[in-house]
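Notes follow the structure.
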Amino acid sequence: MSSIENPVFRSFRLFVPLLALLVLLPTPARADWGMQLTPFAGFRFGGGFTDNTTGLDLDVDEGGSFGLILGVQATHESDYELFYSLQKTKLKGEGVLSGDTLFDLDIHYLHIGGTYLLPGEKVRPFISGGLGLTYFSPDRSGVDSEIDFSLSLGGGVKIPISKRVGLRLEGRGFLTILPDNTEVFCVSAGVAACAVRVQGDVFGQVELLAGISFSL
């Protein structure tokens, strides 16, 4: 994963000024598409696994995240949205591993859903939600990635700055469903290799985010 980390962040940084330039173009130079793009930065916490065979707890480090929300207006009160968020974190072991870092871990969420706007004069509270996939991508040779179904639910506020630019503040919870008898990761602790197996378990995280919304 390290070989693609820098291009990913570089592309994200270049996207924001290009988007701002598009928004600031005079209205006759572009069409109104009824779309909204929101690049955001956030902070994610929570999440862990318990191996049913060994009883070993594996916890995800809290830390920063970033992503992008693409919205399409459905009605005056609601939007359809495509939500993507990435956290670059670490997986740590508890108990016999005494909090040692097992490997770096990227956690991606890709959800399709939307928001429902509540009444408000300028500041508009909203409820958000989505369904989609969680992609766990370990940065360690020989450790397999994992893709599972997930859902999210949250809420926040949209604060207009100008006609086409606004601030979005949101808190969102994610719940990933892990199938029965799933081998989540193959990890190495010292000289012994172990498989992490869960049975009908769930993986939960919470993300707090702030973004700048651009209406197109």
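We did not get these values from a lab; they are worked out from the coordinates using the rules stated. Keep in mind that what you see is a predicted model, and the values were worked out from it rather than measured. Glycine also receives a Cβ, built like all others from the backbone with ideal geometry; neighbour counts cover every protein chain displayed.
Numbers for the structure displayed
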quantity: Those aspartates and glutamates that a straight Cα-Cα span of less than 15 Å connects to Lys92, excepting residues fewer than 8 apart in one chain; calculated: Asp51, Asp57, Asp59, Asp61, Glu62, Asp100, Asp104, Asp106, Asp139
quantity: Those lysines that a straight Cα-Cα span of less than 20 Å connects to Lys158, excepting residues fewer than 8 apart in one chain; calculated: Lys122
quantity: Cα pair count fraction exceeding 20 Å, expressed as % - region 86-180; calculated: 54 percent
quantity: Anisotropy class of region 46-140 from Cα gyration tensor, a/c 1.5 cut; calculated: prolate
quantity: Positive minus negative residues near Phe49 (Lys, Arg vs Asp, Glu; Cβ under 9 Å); calculated: -4
